[in-house]
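The values are calculated or read from the model by the stated rules, or taken from the named source; none is laboratory data. From a predicted model like this one, the values you see are computed outputs, not experimental measurements. Cβ sites come from the backbone with ideal geometry, for glycine too, and all protein chains shown count toward neighbours. Surface areas here come from the heavy atoms of the whole protein model, side chains and all, with no ligands, DNA or RNA. Shrake-Rupley method; radii C 1.70, N 1.55, O 1.52, S 1.80 Å.
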Amino acid sequence: HILLAGDPGKAKSQFLLANRLIEDKSMYLSDTSKAGLTVAVSTMGNKRVLMPGILVLANGGTACIDELDKMAREDREGMHTAMEQGSISKSKAGLRGTFKANTSVLAAANPQFGRFDQNRDIPDQLKIESTLLDRFDLIFWFLEKEQTREEHIRMAIRALNPESSPDPEFTRKYIRYAKQFRVTIPDGTAQLIAETFVKLKERSPNGVSIGIRSLHAVRRLAEASAKIRLSETVEPVDVETATELISESLRAIGFDRDALTHISGKTRKAIEFVRGHVKDNRGCTLDEVMVAALKKEISQLDISEAVERLKREGQIFEPSMNKLEVVE
C-alpha cells in the first residue's frame with residue numbers, strides 16, 4: 001500500500017490515473033462513501049443483496065483512491081480491515097458475507113492548509129487518522145522546494161512539451177506476466193530480511209515505532225522486486241531494493257513512525273522527562289528543567305513543546321509565575 005502525500009500541483013493524481021494504463025485490474029475514484037469502498041446493501045427487485053465496493057472489485061489489482069484526506073473519517077474506517085487482512089466481512093439487514101479484498105491501495109492526499117509545514121504534526125495537517133497511516137507500507141512526501149529561475153523555466157518547458165511515454169500496452173503485458181510468478185523466500189534471504197528489519201529499528205529514534213508491519217512491508221516489497229526481475233526466488237538484491245524504498249519513505253520523518261501518531265519518539269522522551277522532573281522537584285522553574293534536560297541531551301525546543309503539550313492536557317500547571325507543578 002502506497003500513499004502519495006504533499007503539496008498540491010505535484011502530479012499525485014497523474015500517478016494514480018497513469019496506473020490505470022499499465023495495470024489490467026486498476027480502479028480509480030476520488031469521491032466515495034464507506035459502502036462504495038467496501039460492501040453496500042442494495043435492493044434488486046424484491047430482494048436485498050450485498051454489492052461489492054472498489055476494494056472488492058479490484059481484488060488482485062490496485063484501488064487508486066484520490067483525495068483521501070477529503071473523505072469522511074467514518075468512510076475511511078472501512079479501509080482498515082481490507083488493508084490489513086485482505087478481506088471484508090459484512091453483516092447488515094439480515095445479510096452476511098465475506099469478500100476477498102487482496103487489493104493494493106495507491107492513494108493521494110493533500111495537507112489541510114494547502115502547504116505542508118514540516119514543523120507541525122503530520123496527522124494534524126493530513127487529517128488522516130494515524131491507524132490508517134500506519135497501514136501504508138510506503139509514504140512518499142511531495143514537498144514544494146525553493147528553485148532557481150532556470151529550474152522553474154525547465155519545469156515549465158517539460159510541462160508544456162512532455163516527453164513521450166513508453167508504450168502502456170507493453171508495460172501492461174509485462175506486469176500481467178510478472179504477476180504469474182509464485183515467489184519463495186530461501187532461508188538465507190529470510191535471515192537477511194530479518195536483519196534488515198532489525199537495522200530499521202536500530203535507526204529509529206524509538207525502536208518500538210518500527211513494528212511487525214514494517215517487517216511484512218520489507219517482505220512484500222522484496223517479493224515484488226523478485227517478480228519484476230521475473231524470478232521465482234527472492235534474492236539479496238531484492239531485499240536491498242526493498243530497504244532502499246522503505247528508507248526513502250522513512251527519511252522524511254526521521255525514521256520515526258511515531259511521527260505519524262502525533263507524538264514523535266523525541267517528543268515522547270521529552271514529555272516523560274518533564275513530567276518526571278517536575279514531579280520530583282515541585283515548584284521548579286522552566287529554566288531549571290531546561291538545564292537538567294541538557295544533561296540528558298534533550299533539546300530546549302523539545303522541552304518547550306513537551307511543556308506546552310502537558311499544559312494543554314492538564315498534566316502540569318503554573319501555580320505562580322514561571323513555577324511548574326504536577327496535577328495530582
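A compact table of results
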quantity: Unmet requirement for PHE255, which otherwise passes all of (1) closer than 17 Å to GLU308 by Cβ; (2) of a type in the set (Phe, Trp, Tyr); (3) at pLDDT below 85; calculated: (1)
quantity: Matching residues, the range 19-74, being within 19 Å of ALA108 (Cβ to Cβ), surrounded by fewer than 16 Cβ atoms within 10 Å (Cβ to Cβ) and small (Gly, Ala, Ser); calculated: SER30, SER33, ALA72
quantity: Hey, GLU288 farther than 27 Å from PRO111 by Cα, assigned to a helix (DSSP H, G or I) and modelled with pLDDT of 80 or more or not; calculated: yes
quantity: Selection from the range 212-228 of residues that are within 20 Å of GLN180 (Cα to Cα) and polar (S, T, N, Q); calculated: SER225
quantity: Residue in the range 122-139 that is without any contact (Cβ under 8 Å) to a residue 24 or more places away in the chain and farther than 28 Å from LEU21 by Cβ present; calculated: yes
quantity: Inter-residue pairs, beta-carbon under 7 Å, first in contact (Cβ under 8 Å) with a residue 24 or more places away in the chain and in the range 290-314, second among the polar types (S, T, N, Q), 6+ apart; calculated: ASP302/THR267; GLU305/THR267; ALA306/THR267
quantity: Checking MET155 against (1) farther than 28 Å from SER231 by Cβ; (2) in a loop (DSSP other than H, G, I, E, B), the condition it does not meet; calculated: (2)
quantity: Strands (runs of 3 or more DSSP E) fully within the range 10-86 counting 1 or more residues that are within 30 Å of GLN180 (Cβ to Cβ) and among the small types (Gly, Ala, Ser); calculated: 26-29, 62-65
quantity: Matching residues, the range 232-252, being part of a helix (DSSP H, G or I), over 19 Å from HIS216 (Cβ atoms) and at pLDDT 85 or above; calculated: VAL237
quantity: Odd one out for SER204 among (1) open to solvent by less than 80 Å² (accessible area, probe 1.4 Å); (2) of a type outside the set (Asp, Glu); (3) in contact with an Asp or Glu (Cβ under 8 Å, 6 or more places away or on another chain); (4) under 26 Å from THR103 (Cβ atoms); calculated: (4)
quantity: Contacts under 6 angstrom Cβ, first residue in the range 234-254 being over 18 Å from THR184 (Cα atoms), partner open to solvent by 10 Å² or more (accessible area, probe 1.4 Å) and not in a helix (DSSP H, G or I), 6 or more apart; calculated: ALA252/TRP141
